[in-house]
Amino acid sequence: MFRKIDAGEIKGLISICFNPKVSLPDNNFVTRCLDKLEFYTAIDFFLNDTARHADIVLPGSLHEEDEGTVTQVEGRVIKVNKAVDCPGEARQDWRIIQDLARALDRPHGFRFEEPRQIFEELRVASKGGVADYSGITYEKIEREMGVFWPCYAEDPRTGEPIADHPGTPRLFEPGSYNPIARGSGPFYFPDGRARFNVADYRVPVDDAGGEYPIFLTTGRVVSQFLSGTQTRRIGPLVHQYPEPRIEMHPRLAEKIGVADREWVTAETRRGTITLRAMVVTTIRPDTIFIPYHWTGRKSANQLTVAAQDPISKIPQYKVCGCRVRKADGPPAYDAVLEPQQ
Amino acid sequence: MKPDHLNFYIDPSRCIGCQACVQACSECDTHRGESMIHLEYVDRAASVQTVPVVCMHCDQPTCAEVCPADAIKRTEDGVVQSARKPRCIACGNCVMACPFGVPEVYEDRKLMMKCDMCYDRTSIGKKPMCATVCPSQALFYGTAEEIERLRPQSIPTNQFQFGNQVITTRVLVMAPRGPVGITPSVRVTASLDSGLASPDPFDEVEL
C-alpha cells in the first residue's frame, strides 16, 4: 500500500486502528508516504504516532466501549460486552463507518442499529463456508462460554435443520465434513487429504554479511502490546520496560567494547538507532535483538527491511544485516518525552 | 477467616516471567499502584528464569519479632498482615530481618507494606489476585489434593533453613522430589549439574 502511495497511485487514505509509523518495516519510508497523501483520515481510540499525520482524526472506540464477538486463534467465538460508554466525542467504529457511507450517499448495507444485527449478517454470510457461524447465537456463546466454528444451523451434507449444533472444538477429526472435501476426508483439499509442504530455504533479502555482518532481529517485550498505542500510556507497564534496549551476547559486547547498560549504535542500510546495551548470554553472539513497540528515533522499525514473505506477505522483521558500535553517550532524543507523557 | 483446606503453592520452575501477577497486584484497591509481589530474574545475564516472591507467611514471623513498634500482626488463621499504619515507624528492621526479602519500606509515606495474601479475598474463601491471573500456575491456590494431582513430580515444602534458623511457613514451595524418590525428577538434578558444566551453546557461532 505504501509503495502505491509513493508511486502516486493512492492519494487518499482512511485507516482504523493503524499505526504503521511504529509497526511497519523501514518506517522512515512510511512516514514520508503519510506526508505524501493528499488526504488522510485516521479512526483511532488514542492519538497515536500515525494519527498525528492525519488531516482529520475521528475518535473511535476500545472494545470495552462496544459490543460484539471476537474469534480467537483456536476458532472459539467469544462475546465482548460493553462496560463503559465512549468518552467525549468518541463513537463506536461501526457507527463511524455507517455515517461515512451515509455521507457518501451509499447507505446500502450500512443500516445496522446494533452490533447483534451485524453478527446476524455474519451468520448468514458464512453459512456453507469453512468457518460456518450459522448455528452460533449471542445466547449460545454466553451459555457455553464461547462456541467453536464451524457451528451449523443446517446439516451441511443434507440441508436438514440442526436444533443445537455443539460447534467444533477440534478440527480435522476423522469423518468430519468441510465444503472443500465434501465428505471425502477431513482436510481442506478436494480429496480430503492433508499435504506436507516442502519449504525451500531462501536467503533473506538483506542477509547479514560484508559491511553489515550482524543479524538484527526484532520482536516484543511482555509489557507492551503491538505499537504501544495503548500500553505506552499505562504507567506500570511503561515502568516495567521503560525504553528499548539492544540485547547482545557478551562476546559481541566485548568485541565492540561495551558493558551492560552502556550506549550502543546499531546501523542498517536504512537507519541507525542508539540505545542502551543489554548484555545476556541468551542470544546468539552474531545477532542483536531490539523490541519494536516504540516510536520516533527509538523505533526499531527504522532499521528493518520492507521485504515480504512471498506467500504470507509477512515482512522480514526477523532478519536483516546490521553493524553495531559503541556510542559516545546518550543521544539527544533519549531525554525527549513522548506526547502522551 | 481463611479456609484451612486452601493453601498457597509457589512453583518457581513454572514461572514464565510474564508479570501478570505484578500488574494484577498493583491494581488492588488496598495498595493501588504498588505491587506487593516481587518478580525477580535469578540472573538475567545468564538465563531468562524468573522467580515470583510473595510473603511466605511464617508461623513465627521474623519481621514481627524484630518490629519495635509491634506493627506487624499475624492473624489466627496464619496470615501475616502488612504493617499497621498508626504503629509503623518505617525503621526498616523488618526489611533487614526477613529471610525471604519480602517487606519494603515506602519512604514517601513512612510505611512498610507487604503481601498479605490478599486477606480481603482469602478471608472470604477467594483466591489471591496473583494466583487468579497466573497463566502457568507458578502461583497456585487450592487444596493439597489438587496440587498432588497436578504436580506428581514435585513435593510441597514449607520448611526452610537459614543458618541456624529453621522457618516454617503457611505458603508452600514446590520442589522436585528428592533423590530417594522413584520419579524421574531425580535426574532433573543430575541434568542440571551437567547443564552447568556444558559448553557454551553458541561456541560454534563465528563472530
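Test of understanding: among A:THR287, A:THR295, which residue is under 30 Å from A:PHE2 (Cα atoms), touching a residue at least 60 places away in the same chain (Cβ under 8 Å), surrounded by 16 or more Cβ atoms within 10 Å (Cβ to Cβ) and more than 14 Å from every other protein chain (Cβ to nearest Cβ)?
Being under 30 Å from A:PHE2 (Cα atoms), touching a residue at least 60 places away in the same chain (Cβ under 8 Å), surrounded by 16 or more Cβ atoms within 10 Å (Cβ to Cβ) and more than 14 Å from every other protein chain (Cβ to nearest Cβ) holds for just one of A:THR287, A:THR295, which is A:THR295.
Restricting attention to segment A:275-304, which residues are outside any loop (DSSP other than H, G, I, E, B) and out of contact with any strand residue (DSSP E or B) (no Cβ under 9 Å at 6 or more places or on another chain)?
A:GLY296, the sole residue that qualifies.
Would segment A:304-312 turn up any residue that is open to solvent by 30 Å² or more (accessible area, probe 1.4 Å) and within 12 Å of chain B (Cβ to nearest Cβ)?
Within segment A:304-312, not a single residue is open to solvent by 30 Å² or more (accessible area, probe 1.4 Å) and within 12 Å of chain B (Cβ to nearest Cβ).
Could you tell me which numbered condition A:GLN117 fails, if it satisfies all but one of (1) open to solvent by 60 Å² or more (accessible area, probe 1.4 Å); (2) touching a residue at least 24 places away in the same chain (Cβ under 8 Å); (3) not small (Gly, Ala, Ser)?
(2)
Suppose we keep only residues that are open to solvent by 30 Å² or more (accessible area, probe 1.4 Å) and among the β-branched types (Val, Ile, Thr) within segment B:76-106. Which one would you say is farthest from B:PRO128 (Cα to Cα)?
My answer is B:ILE89.
Could we say that B:ASP70 is closer than 19 Å to B:GLN159 by Cα, of a type in the set (Asp, Glu) and either open to solvent by less than 10 Å² (accessible area, probe 1.4 Å) or more than 13 Å from chain A (Cβ to nearest Cβ) (or both) here?
When the stated conditions are applied, B:ASP70 does not pass them.
So, B:CYS130, is that one part of a loop (DSSP other than H, G, I, E, B), open to solvent by 10 Å² or more (accessible area, probe 1.4 Å) and not small (Gly, Ala, Ser) or not?
No.
For A:MET278, work out the one condition from (1) under 24 Å from A:ASN28 (Cβ atoms); (2) within 14 Å of chain B (Cβ to nearest Cβ); (3) not polar (S, T, N, Q) it doesn't fulfil.
So the condition that A:MET278 fails would be (1).
Name the residue that is nearest to the other protein chains (Cβ to nearest Cβ), counting only residues in segment B:24-62 that are touching a residue at least 40 places away in the same chain (Cβ under 8 Å) and touching a Lys or Arg at 6+ places or on another chain (Cβ under 8 Å).
Residue satisfying both the conditions and the ranking: B:MET36.
Which of the residues belonging to segment B:111-126 are part of a loop (DSSP other than H, G, I, E, B) and in contact (Cβ under 8 Å) with a residue 60 or more places away in the chain?
B:LYS114, B:CYS115, B:ASP116, B:MET117, B:CYS118, B:SER123, B:GLY125
Could you tell me whether any residue of segment A:34-46 is open to solvent by less than 70 Å² (accessible area, probe 1.4 Å), in a loop (DSSP other than H, G, I, E, B) and without any contact (Cβ under 8 Å) to a residue 60 or more places away in the chain?
yes
Of the conditions (1) of a type outside the set (Phe, Trp, Tyr); (2) out of contact with any helix residue (DSSP H, G or I) (no Cβ under 9 Å at 6 or more places or on another chain); (3) free of Cβ contacts under 8 Å to residues at least 60 places away in the same chain, A:ALA307 fails just one. Which one is it?
Of everything listed in (1) of a type outside the set (Phe, Trp, Tyr); (2) out of contact with any helix residue (DSSP H, G or I) (no Cβ under 9 Å at 6 or more places or on another chain); (3) free of Cβ contacts under 8 Å to residues at least 60 places away in the same chain, A:ALA307 misses just condition (3).
Scan segment B:20-28 and give yes if some residue there is out of contact with any Leu (no Cβ under 7 Å at 6 or more places or on another chain), closer than 15 Å to B:PHE100 by Cα and of a type in the set (D, E, K, R), otherwise no.
no
Every residue in segment A:317-329 that is in a loop (DSSP other than H, G, I, E, B), modelled with pLDDT of 95 or more and not hydroxyl-bearing (Ser, Thr, Tyr), please.
Across segment A:317-329, the qualifying residues are A:LYS318, A:VAL319, A:ALA327.
If I ask for residues that are within 19 Å of B:PRO52 (Cβ to Cβ), open to solvent by 40 Å² or more (accessible area, probe 1.4 Å) and touching a helix residue (DSSP H, G or I) at 6+ places or on another chain (Cβ under 8 Å), which ones from segment B:134-171 would you list?
If the condition is that a residue be within 19 Å of B:PRO52 (Cβ to Cβ), open to solvent by 40 Å² or more (accessible area, probe 1.4 Å) and touching a helix residue (DSSP H, G or I) at 6+ places or on another chain (Cβ under 8 Å), then B:PRO135, B:GLN137, B:PRO156 are the ones that fit.
Within segment A:321-334, can one find any residue that is among the aliphatic types (A, V, I, L, M) and surrounded by 13 or more Cβ atoms within 10 Å (Cβ to Cβ)?
Checked against the condition, which is being among the aliphatic types (A, V, I, L, M) and surrounded by 13 or more Cβ atoms within 10 Å (Cβ to Cβ), segment A:321-334 yields at least one hit.
The values are calculated or read from the model by the stated rules, or taken from the named source; none is laboratory data. What you are looking at is a predicted structure, and each value in this text was computed from that prediction instead of being measured. Methodologically, a virtual Cβ is constructed for each residue, glycine included, from the backbone with ideal geometry; neighbour enumeration extends over all protein chains shown. The protein model used for the area step is the full one, side chains on, heavy atoms only, and it has no ligands, DNA or RNA in it. Shrake-Rupley method; radii C 1.70, N 1.55, O 1.52, S 1.80 Å.
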